[in-house]
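Here the structure is laid out as structure tokens; the discussion comes afterwards.
The values are calculated or read from the model by the stated rules, or taken from the named source; none is laboratory data. This one's a predicted model, so the numbers in the text were calculated from it and none came from an experiment. Here Cβ is always computed from backbone atoms with ideal geometry, including for glycine, and neighbour counts include all displayed protein chains. Remember, those area values only see protein heavy atoms, side chains included, never the ligands or the DNA or RNA. Shrake-Rupley method; radii C 1.70, N 1.55, O 1.52, S 1.80 Å.
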Amino acid sequence: MAAIVTALGDARSIVDVGAGTGSYEPGDRAVLAVEPSGEMIRQRPPDACPAVRAIAEALPVRDNAVDAALAVLTVHHWTDWRRGLAELRRVAPRQVVLAYDTRLHTEFWFVREYVPEIADLELGRPSAPDIAHELGAESVTPLPLPWDFTDGVFPAYWRRPTAYLDPRVRRACSALAQTDPGAVERGVRRLREDLDTGRWHDRHRDLLDRDHWDAGFRLIVAGT
């Protein structure tokens, strides 16, 4: 969140596109949340900023209406991501996008060793370098994941493999929720076996001493 706030600079008005439950909305600025899912909007806390139900490709906001457009881990869900990015540029002079390098995601041990089917899903999504190029980004900053990261994004448990045995954790990860359930269950069974026998720890002993790991998350900043 600190990195996002820094990237927003002195922007006082923000449209948060694909806002979800509002986890990454600064509380000291005027924010309008745009989210297509009614289910996600219903999960927003009572004191969250106003939210409207709409899609990134057709933002209900006039040209240059806000100082900055924010999009956090959402571009890969858009139907037409280039049109969505064009909308960010239309409504705000500055764009701040948190995305990830899909190639690095496919190299994650969970994908490579347990559910390789996820790679097909990831490689079909827009990657951080593609997004940065489309926006003409001024900066692209790597955001390595701390080992105890509290946001349950897919690779968050890179040093805590037992977490992936929990169905609630898997449901919260779009990469797992959108992959064939049979493939995911097969991979989870293999992971459980490898944890029980100690094979996982033998193969990934190098991870256990790390405090951070680069899963490919990138903070992309474009515009003035």
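Here is how the numbers come out for the structure above:
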{"read-out": "The chain, accessible area per residue, ligands and nucleic acids excluded (1.4 Å, Å²)", "value": "48 Å²"}
{"read-out": "Size of electric dipole in the chain: Cβ of Lys, Arg +1 and of Asp, Glu -1, about Cα centre, debye, nearest 20", "value": "280 debye"}
{"read-out": "Inter-label distance for Asn64 and Thr79, nm, one decimal - labels placed 7 Å from Cα along Cα-to-Cβ", "value": "3.0 nm"}
{"read-out": "About the Cα centre, charge dipole magnitude for region 116-224 (Lys/Arg +1, Asp/Glu -1 at Cβ), debye", "value": "380 debye"}
{"read-out": "Value of relative contact order over region 25-87, rounded to a whole percent, pairs C-alpha under 8 Å and six or more apart", "value": "30 percent"}
{"read-out": "Relative contact order for region 38-154, counting Cα pairs under 8 Å that sit 6 or more residues apart, in percent", "value": "21 percent"}
{"read-out": "³J(HN,Hα) computed for each position of region 178-190 - Karplus, 6.51 cos²θ - 1.76 cosθ + 1.60, integer Hz, glycine/proline x", "value": "9, 9, 3, x, x, 5, 5, 4, 4, x, 5, 4, 5"}
{"read-out": "With DNA, RNA and ligands ignored, accessible area of Phe154 (1.4 Å probe; Å², nearest 10)", "value": "10 Å²"}
{"read-out": "Helix-derived mean residue ellipticity, 222 nm - over the chain, DSSP H n ≥ 4, -39500 (n - 2.57), to 500", "value": "-9000 deg cm²/dmol"}
{"read-out": "Prolate/oblate/rounded label for region 170-224 (Cα gyration tensor, a/c 1.5)", "value": "oblate"}
{"read-out": "With all protein chains modelled, accessible area of His76 [1.4 Å, Å²]", "value": "30 Å²"}
{"read-out": "Accessible surface of the chain [probe 1.4 Å, protein heavy atoms]: carbon and sulfur percent", "value": "50 percent"}
{"read-out": "Estimated inter-spin distance, Asp151 and Ala86, nm [label 7 Å along Cα→Cβ]", "value": "2.8 nm"}
{"read-out": "Global geometry of the chain, whether rounded, prolate or oblate, following the gyration tensor of its Cα atoms and the 1.5 cut on a/c", "value": "prolate"}
{"read-out": "Nonlocal amide H pairs with Gln95, under 5 Å, H built at 1.01 Å", "value": "Ala69, Ala222, Gly223"}
{"read-out": "Cα-based radius of gyration of region 125-224 once divided by 2.2 N^0.38 Å, which approximates compact folds", "value": "1.28"}
{"read-out": "Normalised contact order of the chain, rounded percent, pairs of Cα under 8 Å and 6 or more residues apart", "value": "21 percent"}
{"read-out": "Karplus 3J(HN,Hα) series, Hz, for region 12-29 with 6.51 cos²θ - 1.76 cosθ + 1.60 (x for Gly, Pro)", "value": "9, 10, 9, 10, 9, 8, x, 6, x, 8, x, 5, 10, 9, x, x, 10, 9"}
{"read-out": "Rounded to the nearest 20 debye, dipole of region 1-115 from Cβ charges on Lys, Arg, Asp, Glu", "value": "240 debye"}
{"read-out": "For peptides 18-24, 54-60, 176-182, sequence by mean Cβ density within 10 Å, most packed first", "value": "18-24, 54-60, 176-182"}
{"read-out": "Virtual paramagnetic centre 7 Å along Cα→Cβ of Thr6, amide N under 16 Å, in region 192-224", "value": "217-222"}
{"read-out": "Förster-model FRET efficiency, 41 Å R0, Ser37 and Arg190, C-beta, rounded to 0.05", "value": "0.80"}
